[in-house]
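The structure under discussion appears below in the form of C-alpha cells.
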Amino acid sequence: MSAPSSPDQPTEARAKLRVDKWLWQARFFKTRSLSAKLVTGGHLRVNGQKISKASHNVALGDVLTFPQARVIRVIKVAALGDRRGPATEAQTLYEDMTPKEDPVPRGPGSDGKGRPTKRDRRNLDLMRTSRLEE
C-alpha cells in the first residue's frame, strides 16, 4: 500500500521516475552512476527515441532499449519502484521483451568432447584445403 501524496507533491510526480534511477532499481546496473553513464552516452532509447539525459522520466508502459553486456535488451516498464530491493522484487518492475537468440552451433568434430582428436584435426585440415582448391 503506498502512502498518500502530500499536498506539496503532486500525483503526477509519483507517476514518473528518473530513467537512471529506474534502471538501477530494476537491477540492470550495479550502480546508479553506471546506469547514468549508459544514458548520457546515448545508448538508451525510450519508446524508440534516443535519450541522452539521465533525468528523463519514464512512466508505466514505456519501452526501453539498451545494450547490456553483448545483448540488446528490450524492456517494458511494468511498475515504478520505491527502493532497490532484492532481485525477485526487481523482476516485478519490468517485462522482458528481448527476442530469444538461437544458440551458437558447436564446432565440427568436437561434439562437446573437448579438444578434437588427431583424426578430427586431419579431417578439418582436409576440408579447409578442399575449399581453397575450388
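Take the Cα of residue 95, step 7 Å toward its Cβ, do the same at residue 33, and the gap between the two points is 3.6 nm.
Sorted by mean Cβ packing within 10 Å, highest first, what order do the peptides 36-43, 70-77 take?
Output ranking for 36-43, 70-77: 36-43, 70-77.
Sort 88, 98 by Cβ crowding within 10 Å, fewest neighbours at the top.
88, 98
Values in this text are rule-based calculations from the coordinates and carry no lab data. In this text, all values refer to a predicted model and were calculated from it rather than measured experimentally. Backbone-built Cβ (ideal geometry, glycine too); neighbour counts: all protein chains shown.
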